[in-house]
Amino acid sequence: MSAVIEEHHDDHDHKPTGIGRWLFSTNHKDIGTMYLWFSFTMLFIGGALALVIRAELFEPGLQFVEPEFFNQLTTLHGLIMVFGVIMPAFVGLANWMVPLMIGAPDMALPRMNNWSFWLLPGAFGILIASLIMSIMGMGSAPNFGWTFYAPLSTTYGPDSTDYFIFSVHMMGISSIMGAINIIATIINMRAPGMTYMKMPIFVWTWFITAYLLIAVMPILAGVVTMMLTDRNFGTSFFDAAGGGDPVLFQHIFWFFGHPEVYIMILPAFGIISQIVPTFSRKKIFGYSSMVYATSSIAFLSFIVWAHHMFTTGMPVATELFFMYATMLIAVPTGVKVFNWVSTMWQGSLTFETPMLFAIAFIFLFTIGGFSGLMLSIVPADFQYHDTYFVVAHFHYVLVTGALYGIFAGVYYWLPKWTGNMYDESLGKWHFWVSTISVNILFFPMHFVGLAGMPRRIPDYNMQFAEFNQIASIGAFIFGFSQLILLYNVIKTIRGKNTEKATDQVWEGAEGLEWTLPSPAPFHSFTTPPTVK
Amino acid sequence: MSAAIRVASFIGLMLVSMQSWAEYVLDLRPGVTSVSQGAYEIHTLVMWICVVIGVIVFGVMIYSIIVHRKSRGYKAAKFDDNLTVEIVWTVIPFIILGFMAVPATTALLAMEDTSNSDMSIKVTGYQWKWHYDYNVGENAKDINFFSNMTTPMEEIQNKATKNINYLLEVDNHVVVPVNQKIRLLFTSADVIHAWWIPDFGVKKDAIPGYINESWFKTDQIGTYRGQCAELCGTNHGFMPIVVEVVSEADYEKWIASKMESAAAAKASSNKTWTKAELMDHGKSVYATNCAACHQANGAGIPNVFPGLIGTPVITGDVAKHIDVVVNGVSGTAMQAFGAQLNDADLAALVTYERNAWGNDTGDIVQPAAIKAAR
């Protein structure tokens with residue numbers, strides 16, 4: 001892809017100042033920045049909750065928290081990490097990069113963009129307030145797990161469940177508006193000459209992700225609304241005593257929940273597909289098969305949801321269908337991994353921090369993919385289900401998958417955002433300490449899971465003690481190593497003792513975003529570039 | 001980077017030193033039933049296929065990382081697609097998946113076949129205990145009982161040494177005869193629970209309003225332990241399962257003794273108890289059934305489970321107190337214990353609550369009063 005920039009935009013950079021710049025912002029770059037800082041803040045909050053969990057599980061017996069509060073911790077940790085960290089970080093990256101990558105001046109719907117961001121602090125304010133009130137002894141925070149299965153969350157839910165429902169509604173509205181915005185931007189605002197099959201893969205993966213969001217977030221909204229009426233208005237959707245069906249809840253939840261899993265990984269696939277070619281100095285291998293594989297994964301994500309529910313006692317034919325459909329996902333996912341490896345093959349590789357995170361992503365996400373394939377096999381799933389094996393699986397795909405994709409993207413684009421190079425040696429420190437500790441943290445969970453330790457328990461038999469202890473040590477190292485990233489980002493933004501970034505930034509980088517100055521000006525592409 | 005190596009070697013040392021602590025398990029257990037062994041075999045097959053694929057893919061990547069680097073002067077090649085290899089690596093995974101799907105399907109069909117069982121047990125999940133009823137299906141016996149965790153609070157709170165079966169011990173074991181196909185029927189009285197014995201390869205959700213089925217049959221006498229596997233509230237981690245597989249003769253003996261104690265319990269509901277007897281028995285009933293929420297000291301958990309010290313229900317009208325205990329409070333976690341406990345247990349419990357922790361109402365409730373209130 002080559003681009004020509006017409007250098008006659010009179011760029012006054014009328015930046016609003018003060019708090020108003022952020023509160024009333026309609027600028028895709030500022031809103032992207034806010035999304036990313038919000039996500040980063042939530043990462044530390046959700047991470048702190050995880051560290052309390054790991055401290056409690058360091059050895060058998062109850063040491064720090066009561067079982068009731070432990071359940072609140074696991075619930076809030078899950079909700080914050082899924083809805084507060086991974087999803088906003090991807091929306092933030094999309095906000096920043098999609099317009100730059102397709103040569104658009106901004107997002108298509110800038111005012112909606114502002115609102116979809118500012119709903120999030122409200123939503124999480126409510127959620128976190130319920131935890132703070134619980135700590136202060138004024139009631140219980142949501143304590144039914146991030147999957148909030150009925151009737152534990154309906155008939156038996158604490159009072160704060162209604163706040164939780166409101167909070168989820170706000171997150172959902174935010175996500176839907178964000179997705180509409182991204183779709184509208186990609187359809188309408190591509191630079192002349194940029195056909196669909198010339199779009200960068202990151203844009204493609206977000207395009208597909210946005211459709212997934214529009215398809216499933218209303219289902220989440222529906223299920224929490226059914227909870228709301230069950231709790232407050234006398235309906236019995238999920239109450240067996242009133243003729244309702246608790247398993248219906250799980251079907252609806254996972255019909256949202258499984259595409260949600262891909263919402264959290266497809267943009268990471270996109271980021272990796274940008275980074276690997278850059279540092280291999282070679283075009284991405286199999287561009288069109290990447291696009292088709294992403295689309296296939298998105299389609300399959302709608303017909304595999306009940307693999308989360310194999311132990312609910314479905315008919316055997318249903319179990320077989322969902323097992324086969326789930327196994328099929330291995331095919332397009334495999335294609336993606338093979339394509340990345342082939343992109344690296346006979347490239348001219350260098351290993352700057354973004355590339356290190358991308359390579360670790362390919363290794364460790366693949367390990368999560370393998371355990372996912374194992375989990376799809378129903379007879380074995382009966383043994384794995386709801387154990388630490390599942391916890392290990394989804395942390396490999398979400399931490400060393402999604403989160404590593406975000407880390408890679410942040411290092412990759414940070415010079416373009418700030419105009420300064422980040423500290424490469426700190427970046428490498430962050431990478432190595434994180435990557436070693438994250439495996440110490442999550443790999444032993446496979447073993448305790450296979451040995452028979454259920455998930456979401458505050459205390460356990462001594463047979464599980466060693467690996468829990470190892471995992472807890474890894475957790476603390478991994479948690480605190482994220483401060484290196486924080487320090488590095490702040491240092492890069494302040495720009496003291498840092499190198500100035502060139503427009504191109506990376507030797508092998510291709511695409512419209514690298515034709516702009518670094519830092520990217522407040523308003524860019526006021527005249528669309530032409531893509532040949 | 002040398003400091004990173006120091007950190008890594010420190011962790012490595014810790015791992016080595018931990019090995020001496022105890023024997024730990026790395027892999028799934030084969031278990032003692034055809035179902036668990038089937039699960040183990042398919043697990044092992046799929047895991048090794050994944051390992052082989054991993055070695056190949058990661059091997060290629062590592063080779064590329066070592067050889068194709070710019071620092072060694074490697075010049076990038078120009079290719080960016082190849083239809084043949086793309087077709088090959090799409091088709092081959094399909095074939096591999098086929099090799100996994102066939103044994104998985106066979107194993108699953110065998111697992112889900114609950115026909116021709118020798119006896120049945122109905123398993124009901126409660127917050128946070130299991131109830132077992134032998135009075136169903138073939139060879140029904142008039143036996144039913146609750147099974148509560150017996151691990152003392154002192155061990156959980158690190159005030160006493162933990163025993164080997166810490167958190168995996170209950171008062172009433174499920175006893176079944178060896179070499180018989182035992183059909184299990186699962187349901188729940190409140191939220192969703194999951195009954196899991198790893199050695200049997202049985203994990204099934206107990207769902208209110210549903211009856212799920214599973215089965216096991218083993219030729220190995222022994223005691224098998226498991227836990228609830230579905231988050232079911234505060235004490236989800238404290239509702240273990242213990243199944244004792246015994247010889248046919250021992251099973252008959254157990255049946256006889258259970259019948260006898262059931263008769264004795266019935267008789268105790270007809271006699272008049274002294275206050276000391278009621279308080280003594282009430283304390284143990286309370287510890288088993290109530291302490292999980294209202295706490296052993298009766299203080300409850302603020303804003304989650306109400307305390308019982310000096311509250312109106314306890315110090316006020318006896319009839320109201322009995323009503324709450326027997327019928328529960330709808331819309332809350334307070335269960336209807338009338339269905340779970342007999343008249344003597346309930347009488348002792350109410351008496352205990354009204355006189356413990358400084359409540360000192362002096363009220364004595366006899367089993368006859370409970371019977372009248374039902």
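Coordinate-derived values only; no laboratory data. Quick caveat: nothing in here was measured; it's all calculated off a predicted structure. Backbone-built Cβ (ideal geometry, glycine too); neighbour counts: all protein chains shown.
At-a-glance table
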item	result
Mean Cα-pair separation over length for chain A, i.e. relative contact order, pairs under 8 Å, 6 or more apart, %	20
Whole-Å distance, taken between Cα centres, linking the stretch A:382-437 and the stretch A:334-380	13
Estimated vicinal HN-Hα couplings, Hz - the stretch A:504-513 in sequence order (Karplus 6.51, -1.76, 1.60; Gly, Pro = x)	6, 6, 10, 3, x, 6, 10, x, 5, 4
Scattering curve values for the stretch B:23-111, log₁₀ I(q)/I(0), Debye with Cα scatterers, q = 0.22 Å⁻¹	-1.15
Theoretical FRET efficiency, 1/(1+(r/R0)^6), r = Cβ-Cβ of B:K320 and A:T41, R0 60 Å, to 0.05	0.75
For the stretch B:131-172, size of Cβ-based charge dipole, Lys and Arg +1, Asp and Glu -1, in debye	200
Among A:F370, B:V60, A:G257 the positive-end extreme of the charge dipole of the protein assembly as shown (Cβ point charges)	B:V60
Rounded to 10°, Cα long-axis angle of helix B:83-111 versus longest principal axis of chain B	30
Test item: Cα-centred dipole of the stretch B:119-266, Lys/Arg +1 and Asp/Glu -1 on Cβ, debye	140
Stretchable slack from B:A101 to B:V52, in nm (0.36 nm times residue separation minus alpha-carbon distance)	15.9 nm
Distance in nm between pseudo-label sites at B:D118 and A:Q504 (7 Å out along the Cβ direction from Cα)	7.9
The stretch B:269-373, relative contact order in percent, only Cα pairs under 8 angstrom and at least six apart counted	34
37 °C / 0.692 mPa s Stokes-Einstein diffusion coefficient of chain A, Kirkwood radius on C-alpha pairs, µm²/s	138
Highest-MSF residue in chain B out of B:A107, B:A319, B:A348 [GNM, Cα springs under 10 Å]	B:A319
Candidate lysines for bridging to A:K496, where Cα separation is under 23 Å - those fewer than 8 sequence places away on the same chain excluded	A:K15, A:K29, A:K416, A:K428
Kirkwood estimate for the protein assembly as shown, i.e. one over the average of 1/r between Cα atoms, Å	29.6
The stretch B:119-266 pair-distance distribution - Cα-Cα, 10 Å bins, rounded %	11, 41, 35, 12, 1
Cβ-defined net charge surrounding A:S25, 13 Å radius [Lys, Arg +1; Asp, Glu -1]	+2
Gyration tensor over alpha-carbon atoms, chain B, equivalent ellipsoid semi-axes in Å	53, 28, 20
At R0 = 60 Å, FRET efficiency that the Cβ-Cβ distance of A:T26 and B:D360 yields, to 0.05	0.30
Selected from B:L108, B:L97, B:L28 as most flexible by GNM, with chain B as the system and alpha-carbon contacts under 10 Å	B:L97
Efficiency of FRET between B:A368 and B:K159 - r from beta-carbon atoms, R0 56 angstrom, step 0.05	0.90
Summed side-chain charge close to B:S268 - residues other than B:S268 whose Cβ falls under 10 Å, Lys, Arg +1, Asp, Glu -1	-1
Under the Karplus curve 6.51 cos²θ - 1.76 cosθ + 1.60, θ = phi - 60°, whole-Hz ³J(HN,Hα) for the stretch B:296-309, x wherever Gly or Pro sits	4, 8, x, 7, x, 10, x, 6, 10, 10, x, x, 10, 8
The stretch B:269-373, dipole about Cα centre (Lys/Arg Cβ +1, Asp/Glu Cβ -1), debye to the nearest 20	60
Longest site-free stretch - chain A; sites: chymotrypsin sites (Phe, Trp or Tyr not before Pro), DSSP loop, at most 15 other Cβ within 10 Å	A:234-521
Compactness of the stretch B:63-187, expressed as Rg and Dmax over alpha-carbon positions, Å	28.5, 82
Relative contact order computed over the stretch B:23-111 (Cα-Cα under 8 Å; 6+ residues apart), in percent	40
Percentage, to the nearest whole number, of Cα pairs in the stretch A:31-166 over 26 Å apart	33
Cα-based helix-to-principal-axis angle, B:2-19 vs chain B, degrees rounded to 10	50
Cα-projected label distance for A:W146 with A:A184, points at 7 Å along beta-carbon direction, nm	2.9
On Cα atoms only, tilt of B:275-289 relative to the major axis of chain B in degrees	20
Interchain or long-range residues, amide H under 5 Å from A:L349's placed H	B:R69, B:K70
Most mobile listed residue (B:T151, B:T288, B:T84) in chain B, GNM with C-alpha springs under 10 Å	B:T84
Sum of side-chain charges, A:S140 neighbourhood, beta-carbon under 14 Å (Lys, Arg +1; Asp, Glu -1)	-4
Residue-averaged [θ]222 nm for the protein assembly as shown, counting only DSSP H segments that reach four residues, each worth -39500 (n - 2.57)	-18500 deg cm²/dmol
For B:T218, distant residues with modelled amide H under 5 Å away	B:N179, B:Q180
Cross-link pairs A:K500/A:K532; B:K122/B:K203; B:K283/B:K371; A:K282/A:K491; A:K491/B:K70 - those with Cα-Cα distance over 23 Å	A:K500/A:K532; A:K282/A:K491; A:K491/B:K70
Per-residue HN-Hα couplings for the stretch A:20-27 [Karplus 6.51, -1.76, 1.60; θ = phi - 60°; Hz; x = Gly/Pro]	x, 4, 8, 5, 9, 4, 10, 8
